[in-house]
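Take a look at the structure below.
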Amino acid sequence: MKVVSVMNYKGGVGKTTTTANLAAELAWRGKDVLIIDLDPQASLTFSFIKPEEWQDDFSDSKTIKNWFDSFSDSSSVDLNDLIFTPNNVSEKLNGKGQLDMIASHLGLINVDLELATELGGATLKQSKRNFLKVHRRLSNGIQQIDSDDYDLILIDCPPNFNIVTKTAIVASDNILIPAKPDYLSTLGIDYLIRSLNQLISDFNEYVKIDAEDSDEKISPEILGVVFTMIQIRSGQPITALRPYINQTKKLGISVFDEYIRENKTIFSDAPQYGVPVVLNNYSAGTYADVVSELEAFVTEFINKSGI
């Protein structure tokens, strides 16, 4: 079972759209996929279930926030108990593969503040132990999930580098970075990589404090940057976008050959039906091109990740 976190410092870059369509296409191809929505905006959650359903059936006790809260209020919440299967996408898949998820909560933003209070310690050694304890939390939770149940866990991270995001990184085998090819979206990629490397370095340094922890080092690798919301002309990204794509390649980071084009109509309408674009059948035209490009991206993802 592989764990991949999907992240970018900047919001509005198609992170949630990428996660939803990647998970759906993998399930269509027979993979068993679990998606965990760690973004307090809960956009991924509302891409599969309606807000009123979330309010009635999930908000009080069946979100990832409830699981994080259970560590401070001494209640017992098993991550397995939060997993559910969205009905609409399940019907569309018709038994080909499995797509399950764990919902987010609008109050998840407060969890980060609570986690921060656990990081202190009377001594430097105790502080380091608390650092490891907090940052391992999601990894330990995922280990409770039977590795035979899923081929892949996809984690949709918040658009920042807070503690919740760091727990996802510690739990991950790989990192996927969706980005728009524009100045602001690509500006933070280098900083994100440096922050990621610093977290890995700190974590692996801290595990040395106890001999029994020495085999618990982390080494998440970046699968690459996938460019989203691309404007196309003559089958290629428009000229204005190409310098930002080339600039990213010069960072020495892998960049996906496939990209996800911009189509506000098709992508903005999909969440209200609970079925990602890639699972809809379009016979021809621009919509069919969008689906074809999504399928090509997923094929490249499979090749890069080895799932």
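We did not get these values from a lab; they are worked out from the coordinates using the rules stated. Not measured: the values here are computed from a predicted model. Glycine also receives a Cβ, built like all others from the backbone with ideal geometry; neighbour counts cover every protein chain displayed.
A few points about this structure:
- A full extension of the chain between residue 87 and residue 116 corresponds to an added length of 6.8 nm, given 0.36 nm per residue minus the alpha carbon distance.
- Modelled this way, with points 7 Å down the Cα-to-C-beta line, the labels at residue 296 and residue 191 are 3.3 nm from one another.
- GNM result for the chain, Cα springs below 10 Å: residue of 296, 122, 103 fluctuating most strongly: 122
- Inter-probe distance in nm under a simple model that places probes 7 Å from Cα toward Cβ, at residue 236 and residue 184: 2.8 nm
- The trypsin sites (Lys or Arg not before Pro) of the stretch 116-218 meeting both criteria, a DSSP state outside H, G, I, E and B (loop) and at most 15 other C-beta atoms within 10 angstrom of the site's C-beta, are 217.
- Additional length obtainable on full extension of the chain from residue 257 to residue 94, 0.36 nm per residue less Cα span: 55.6 nm
- Furthest towards positive pole of dipole, 98, 223, 302, structure part the chain, Cβ charges: 223
- Label sites at residue 273 and residue 160, each approximated as a point 7 angstrom past Cα along Cα to Cβ, lie 3.5 nm apart.
- The stretch 52-154: relative contact order in percent, alpha carbon pairs under 8 Å with at least 6 residues between: 27 percent
- Residue 109/residue 283 FRET efficiency (R0 41 Å; Cβ-Cβ; nearest 0.05): 0.45
- About its Cα centre, the dipole of the stretch 174-307 is roughly 760 debye, where the only charges are +1 on Lys and Arg Cβ and -1 on Asp and Glu Cβ.
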